[in-house]
Ligand SMILES: Nc1ncnc2c1ncn2[C@@H]1O[C@H](COP(=O)(O)OP(=O)(O)OP(=O)(O)O)[C@@H](O)[C@H]1O
Ligand SMILES: [Mg+2]
């Protein structure tokens, strides 16, 4: 697999950042968590470690156990086995208040529906130990940060799901967290609001906050996070850097339609770094796997050979296909092991047999 020099530079930066951080004690340390509901193992030996300033993605399909793990980390439920340390202290019993410096929420956070967003935040600010004199300013700042200032006087019962989600984030920010645990913080947001929340969370991490953020969205985790843990049916199927996962990802898959698919297929057999096979789809076409350089070379060669390119569609992004493979929701496109072993510029044989 060929990786551009800019991608390599980004990955090197990420590795350097991790090396710098490796000497810093973890802000979040989750070890060997097990949880059963009835005879069903919902979490089986889940561990993760997040250092200050690190954005850690928790990724998995519906029912994987993300919210259950978040609940355990927030002390809302007890695990059957394992431990959680936040900011060096063991997680307390579920009846104790959340430790200072820790904030977050699971699912859609709950508020008094008949009170305004501003009033809800004011009440929450009073429950915390922080100084009384700056409460009002902290509430206004939190509302501002999540873009709710102009709608802060509406009763929460009139809030949309996205507005409630933003209010939940504002409530977490009120605590000036050093550990922030967010369960799908962008799931109900429109694209613009989701982008703002991502920028906000990224800014917090840059200021040293350790963040765990759960998501279904590989693209979101890829964009935001330095590290990720992928869980499926309560088991960790990947844990490590986003850059390292990217190195294991299979080449992207494309579908092309040309004026002469037969000739286009023949032409592909002479091109390095590209695998092509006829598509099984009703409308025909060819399936292509290869990196951008190989694809560029191929499309230019098609033109030179007098074969017109009628359409080119990207099927899945490569990390998405790896996620689908890791979580078993789809037939593998290429195994991580074979992708890692493939020589530079070549697509592993399992990707397009
Ligand atoms: N209180 C409960 N009692 C029984 N089973 C539960 C309970 N809470 C969660 N589960 C089960 O545990 C599994 C994991 O649920 P969880 O909510 O943690 O998944 P998730 O990864 O957050 O999913 P989603 O992406 O849909 O939010 C599911 O099968 C769910 O049905
Ligand atoms: Mg969930």
(request) Within the range 34-56, track down each residue that is closer than 30 Å to residue 321 by Cα and either over 23 Å from the mean Cα position of the chain (by Cα) or within 10 Å of ligand 1 (Cβ to nearest atom) (or both). (result) 35, 36, 40, 41, 42, 43
(request) Would you be able to say whether some residue in the range 74-92 is within 16 Å of ligand 2 (Cβ to nearest atom), surrounded by 14 or more Cβ atoms within 10 Å (Cβ to Cβ) and touching a residue at least 60 places away in the same chain (Cβ under 8 Å)? (result) yes
(request) Look through the range 82-101, keep the residues that are at pLDDT 90 or above and more than 16 Å from ligand 1 (Cβ to nearest atom), and return whichever of them is nearest to residue 165 (Cα to Cα). (result) 86
(message) Is it the case, given these coordinates, that residue 103 is touching a helix residue (DSSP H, G or I) at 6+ places or on another chain (Cβ under 7 Å), more than 16 Å from ligand 2 (Cβ to nearest atom) and farther than 24 Å from residue 232 by Cβ?
(response) yes
(message) Being assigned to a loop (DSSP other than H, G, I, E, B) and either at pLDDT 95 or above or within 16 Å of ligand 1 (Cβ to nearest atom) (or both) is the requirement here; does residue 131 meet it?
(response) no
(request) Mind counting the residues in the range 36-73 that are touching a helix residue (DSSP H, G or I) at 6+ places or on another chain (Cβ under 6 Å), within 16 Å of ligand 2 (Cβ to nearest atom) and not in a strand (DSSP E or B)? (result) 1
(request) Working carefully through the options 124, 59, find the one that is over 30 Å from residue 320 (Cα atoms) and either within 13 Å of ligand 1 (Cβ to nearest atom) or surrounded by 15 or more Cβ atoms within 10 Å (Cβ to Cβ) (or both). (result) 124
(message) Looking at residue 176 and the list (1) modelled with pLDDT of 90 or more; (2) at positive phi, which single condition is not satisfied?
(response) (1)
(request) Quick one: which helices (runs of 4 or more DSSP H) lie wholly within the range 249-353 and hold at least 2 residues that are modelled with pLDDT under 80, within 26 Å of the chain's Cα centre (by Cα) and buried (at least 21 other Cβ atoms within 10 Å of the Cβ)? (result) 318-326
(request) Please note which helices (runs of 4 or more DSSP H) are completely contained in the range 149-245 and include at least 2 residues that are over 21 Å from residue 108 (Cα atoms). (result) 191-206, 218-224
(message) For the range 184-212, which positions are at pLDDT below 95, within 16 Å of ligand 1 (Cβ to nearest atom) and under 11 Å from the mean Cα position of the chain (by Cα)?
(response) 184, 185, 186
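The values are calculated or read from the model by the stated rules, or taken from the named source; none is laboratory data. Please read all numbers here as calculations on a predicted model, not as lab measurements. When we count neighbours, we look across all protein chains shown, and the Cβ atoms used for this are built from the backbone with ideal geometry, even at glycine.
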